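Following: one structure in structure tokens, then a few remarks.
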2 protein chains.
Amino acid sequence: MELFYAYDSDSRICRLDADESGHCCRVLRHRVGDEVNVIDGLGTMYRCRLVDDNPKGAEAEVLEAFPGWGGHPYRLTVACCPTKNNDRFEWFVEKATEVGVDRIVPTIGERSERKVYKTDRALRIALSATKQSLKARIPEIAEPVSVKDFIQISPLASLGRNDSTPCHFERSPEGGVEKSLKLIAYCFEGDTKRISIQEALKAYEGKDITILIGPEGDFSPEEARLAVEHGYIPVHLGASRLRTETAAVLAATAVYLHFE
Amino acid sequence: MELFYAYDSDSRICRLDADESGHCCRVLRHRVGDEVNVIDGLGTMYRCRLVDDNPKGAEAEVLEAFPGWGGHPYRLTVACCPTKNNDRFEWFVEKATEVGVDRIVPTIGERSERKVYKTDRALRIALSATKQSLKARIPEIAEPVSVKDFIQISPLASLGRNDSTPCHFERSPEGGVEKSLKLIAYCFEGDTKRISIQEALKAYEGKDITILIGPEGDFSPEEARLAVEHGYIPVHLGASRLRTETAAVLAATAVYLHFE
């Protein structure tokens, strides 16, 4: 099944940008009259008929709409410090998208080796993985934010985001901030008791989950303390020592399996 | 914590090969008398004192042995068809090793686009991920085998393996072949009922698990039929359509989380 992404769509017409139009009309040689499947990146898949096969700007008329297509029954934010090796973070973006994530927030920790992160490649990877894994909603890739700032923002607030991200993180229909589960994976030293991520998920009845994953050098004690003060629950991800990007994908996978 | 791998070790002496010796004595500048931590790749970590700092062949005397160090409470074989893009399969090897796997079997399916697979790079990746994730046992990377041959081999039999693999897959202490859980992730069409991988794990009381993951083009119906005839339980990995390597890592992660 081939999916195309429409940067602009309504209940009648889907418009493809130059990249998607070229792929649809030049590479795959679709012509006016062909049926194509189009996603709006916001959660709806449209069965369409091509009405303009211009390879620089194709248009398709909507025959049928499938809201919530390929969706998942939770809302997950993974805030993760970009790794020194960019490929590793991009791999996390691809895998978390395949498994099912709603928002990825590149966070910069005090001990992060990478202090700058550009979101444009991650956006392309998220779009590609969304189509490949047959989903209609592209995860939001937020603009980078410091770990401390992220902790102090309400988990359901809108973050500064790249304008080309087509998604908005919506407020939980069940309620406000209080109902969201906030987890921090950190090797707290001393007395801090940590539960496993599965125990934390089992004890929670809502659907809004935020997971914070630190950089290669881990969070600073101040960042960890601030997170706990703001309601983050310290969790561990099992006995293995995992790389940053592995921890982030494992956390997203634990949520996905929990809601299966 | 830095770990070195000894290709040869006994209760008294660990011997490092040229790569490991160079890393230990030239790069990290360890000298005779320094304490170093050495793994034998078979499950034991040794606290040692360096007695020969030759960067082409270092030796360390054992001070203390930690058998089962960094181990996990299950025995997992993931048999996965190598992906067209080799990086994706190697990524699976790295991530499965970090999470915890005992044996990786590259299987060639009737619909595999990649019919040939060389294990040497995967062996290096598995060694590196073993050390990075603080484990003493390197997963075995078996020589490639056809899906049909693999299905017909007892899951606890020794497979043809690369001679440089230091691990042996051991027979379950609890019993024989009957007690091992064999799973196949395949989109069976028609009437075949599939349970989730978690349901299959919950219903199983043993510790020997084999998971078979198909190629990009999926298993052939004959391969799937043969697997079921040989006791493989059809499972699904949730609602998402996952890439081959993502499915393989997710399956290993589900086992890891199940035994947490």
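Of everything listed in (1) closer than 23 Å to B:Leu181 by Cβ; (2) surrounded by fewer than 19 Cβ atoms within 10 Å (Cβ to Cβ); (3) in contact with a helix residue (DSSP H, G or I) (Cβ under 9 Å, 6 or more places away or on another chain), the single unmet condition for B:Gln132 is (1).
Can you say whether A:Leu42 is in contact (Cβ under 8 Å) with a residue 12 or more places away in the chain and in contact with a His (Cβ under 7 Å, 6 or more places away or on another chain), as far as the supplied structure shows? Here the answer is no, as A:Leu42 does not meet what is asked.
Scanning the range A:80-102 for residues that are more than 25 Å from B:Leu237 (Cα to Cα) and surrounded by 22 or more Cβ atoms within 10 Å (Cβ to Cβ), which turns out nearest to the other protein chains (Cβ to nearest Cβ)? Filtering first and then ranking leaves A:Thr83.
Scanning the range B:224-245 for residues that are over 16 Å from B:Val105 (Cα atoms) and out of contact with any Leu (no Cβ under 9 Å at 6 or more places or on another chain) yields B:Ala224, B:Arg225, B:Leu226, B:Val228, B:Glu229, B:His230, B:Gly231, B:His236, B:Ala239, B:Arg243. Of all residues in the range B:227-260, those that are over 21 Å from B:Thr83 (Cβ atoms) and either buried (at least 24 other Cβ atoms within 10 Å of the Cβ) or free of Cβ contacts under 8 Å to residues at least 24 places away in the same chain (or both) total 5.
Only one of these is away from chain B (no Cβ under 14 Å) and under 30 Å from A:Phe219 (Cα atoms): A:Val32, A:Val105. Name it.
When all the criteria are applied, what remains is A:Val105.
In the range A:236-260, which residues are in contact with an Asp or Glu (Cβ under 8 Å, 6 or more places away or on another chain) and more than 8 Å from chain B (Cβ to nearest Cβ)? Correct list: A:Thr244 only.
Per-residue answers, yes or no, for (1) assigned to a strand (DSSP E or B); (2) crowded, with 19+ Cβ neighbours inside 10 Å:
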{"residue": "A:Val36", "(1), (2)": "yes, yes"}
{"residue": "A:Arg49", "(1), (2)": "yes, no"}
{"residue": "A:Pro55", "(1), (2)": "no, no"}
{"residue": "A:Ala60", "(1), (2)": "yes, yes"}
{"residue": "A:Glu64", "(1), (2)": "yes, no"}
{"residue": "A:Gly70", "(1), (2)": "no, yes"}
{"residue": "A:Thr77", "(1), (2)": "yes, yes"}
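With respect to the conditions (1) part of a loop (DSSP other than H, G, I, E, B); (2) at pLDDT 95 or above, B:Ser240 falls short on a single one, namely (2).
Going by the conditions given, is B:Thr192 under 13 Å from the mean Cα position of the chain (by Cα), modelled with pLDDT under 95 and polar (S, T, N, Q)? Answer is no for this residue. Scanning the range B:96-121 for residues that are under 27 Å from B:Gly70 (Cα atoms) and either in a helix (DSSP H, G or I) or not aliphatic (A, V, I, L, M) (or both) yields B:Ala96, B:Thr97, B:Glu98, B:Val99, B:Gly100, B:Asp102, B:Arg103, B:Pro106, B:Thr119, B:Asp120, B:Arg121. In this structure, is A:Ala200 away from chain B (no Cβ under 14 Å) and at negative phi? When the stated conditions are applied, A:Ala200 does not pass them.
Just to be sure before I move on: is B:Ala224 away from chain A (no Cβ under 11 Å) and either in contact with a helix residue (DSSP H, G or I) (Cβ under 7 Å, 6 or more places away or on another chain) or buried (at least 17 other Cβ atoms within 10 Å of the Cβ) (or both) in the structure I sent?
Details: away from chain A (no Cβ under 11 Å): yes; either in contact with a helix residue (DSSP H, G or I) (Cβ under 7 Å, 6 or more places away or on another chain) or buried (at least 17 other Cβ atoms within 10 Å of the Cβ) (or both): yes.
So B:Ala224 passes the test.
Scoring B:Glu140 on the criteria (1) within 14 Å of chain A (Cβ to nearest Cβ); (2) within 16 Å of B:Gly41 (Cβ to Cβ); (3) buried (at least 22 other Cβ atoms within 10 Å of the Cβ) leaves a single failure, condition (1).
The values are calculated or read from the model by the stated rules, or taken from the named source; none is laboratory data. Since the model is a prediction, treat every value here as computed from it, not as a measurement. So basically every Cβ, Gly included, is an ideal-geometry build from the backbone, and we count neighbours across all protein chains shown.
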